[in-house]
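Input: a single structure, listed below in structure tokens.
The values are calculated or read from the model by the stated rules, or taken from the named source; none is laboratory data. Keep in mind that what you see is a predicted model, and the values were worked out from it rather than measured. Here Cβ is always computed from backbone atoms with ideal geometry, including for glycine, and neighbour counts include all displayed protein chains. Surface areas here come from the heavy atoms of the whole protein model, side chains and all, with no ligands, DNA or RNA. Shrake-Rupley method; radii C 1.70, N 1.55, O 1.52, S 1.80 Å.
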Amino acid sequence: EAGVAQSPRYKIIEKRQSVAFWCNPISGHATLYWYQQILGQGPKLLIQFQNNGVVDDSQLPKDRFSAERLKGVDSTLKIQPAKLEDSAVYLCASSSYPGTQETQYFGPGTRLLVL
Amino acid sequence: AQSVTQLGSHVSVSEGALVLLRCNYSSSVPPYLFWYVQYPNQGLQLLLKYTSAATLVKGINGFEAEFKKSETSFHLTKPSAHMRDAAEYFCAVKDQAGTALIFGKGTTLSVSS
């Protein structure tokens, strides 16, 4: 079974530029999550999708971050314009359903550096 | 709000020694607790999870954790450390109403020969 795929693995941009990350979850997984992991901290949820609908985006900085999952499969997370504090690893995870006991499977992450 | 606190940002042990990584949680309802491991430049991998079926949970790679409600703890242990265990370990809690994982800040485990 293929795992969660993410691209690119690394990205370096200058502040005020835009950037996009892509995630392809495990086949058949209805729930998709984007987490932000700042150096020295644990991952923090940015947004959760159930199929192509948003379940929780309460911690997404909506003035600069956007995310979509149009066909209920893969997803794109965008930052525009980027700030220095957006430097982090962006992790995508998926689960077959959003239950409390359900395991979330994580991709390798995209490491973003904003200069 | 639910939260987890991992005591000790860095733990160093010798190969063959006991590994103990501490996690305390704060929750107003029975929690679901998880331990994840992150190797360099990789995503997080589930080690084990507590889902109220048993207080002692066995996971992969010889790790186990014990849920102690009276101490609000879910410490991770392994009887004998191996070099390949060197990684960052995250404790996480999930509340019953939502499904987002809330992570601790992580503990980096170093294993020396």
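For an R0 of 45 angstrom, estimate the FRET efficiency from the Cβ-Cβ distance between A:Gln59 and B:Leu56 and round to the nearest 0.05. The calculated FRET efficiency here is 0.85. Shape descriptor for the range B:29-92: Rg over Rh equals 0.97 (Cα atoms; Rh from the Kirkwood inverse mean 1/r).
In straight-distance terms, cross-link reach from B:Lys49 covers every one of the lysines whose alpha-carbon lies under 22 Å from its own, apart from those fewer than eight places away in the same chain; here that gives A:Lys44, B:Lys58, B:Lys68, B:Lys69, B:Lys78, B:Lys94, B:Lys105.
The mean count of C-beta atoms from other chains within 10 Å of the C-beta of residues in B:34-41, rounded to a whole number, is 3. A:Lys78 exposes around 90 Å² of accessible area when a 1.4 Å probe is run over every protein chain in place.
What does the C-alpha gyration tensor say about the overall shape of chain B? Classify as rounded when a/c is under 1.5, otherwise prolate if a/b is larger than b/c, or oblate. Since a/c reaches 1.5 and a/b is larger than b/c, the shape of chain B is classed as prolate. Structural descriptor for chain A: relative contact order 37 percent, calculated from alpha carbon pairs under 8 angstrom and at least 6 residues apart. Remark on B:Tyr32: its backbone amide H falls under 5 Å from those of B:Lys94, a criterion applied only to residues 5 or more positions apart or on other chains, H modelled at 1.01 Å from N. Computed across the protein assembly as shown, the Kirkwood radius stands at 18.1 Å (inverse of mean 1/r, all Cα pairs). Here's the list of aspartates and glutamates a cross-link from A:Lys83 could span, going by alpha-carbon distance under 14 Å and ignoring same-chain residues fewer than 8 apart: A:Glu14, A:Asp63. Using the Karplus relation 6.51 cos²θ - 1.76 cosθ + 1.60 with θ = phi - 60°, the per-residue 3J(HN,Hα) values for the range B:40-56 come to x, 6, 10, x, 8, 10, 5, 8, 6, 8, 9, 10, 6, 6, 8, 6, 9 Hz, with x marking Gly and Pro.
Computed on chain B, with alpha-carbon pairs under 8 angstrom and 6+ residues apart, the relative contact order is 38 percent. A protection proxy built from the mean count of other Cβ atoms within 10 Å ranks the segments A:29-38, B:45-54, most packed first, as A:29-38, B:45-54. Across the range B:66-77, computed HN-Hα scalar couplings (Karplus, 6.51 cos²θ - 1.76 cosθ + 1.60, θ = phi - 60°) run 10, 7, 10, 5, 5, 9, 6, 10, 8, 6, 9, 9 Hz from first to last residue, x flagging Gly and Pro.
Three principal axis extents describe the C-alpha atoms of chain A; from largest down they are 37, 26, 25 Å.
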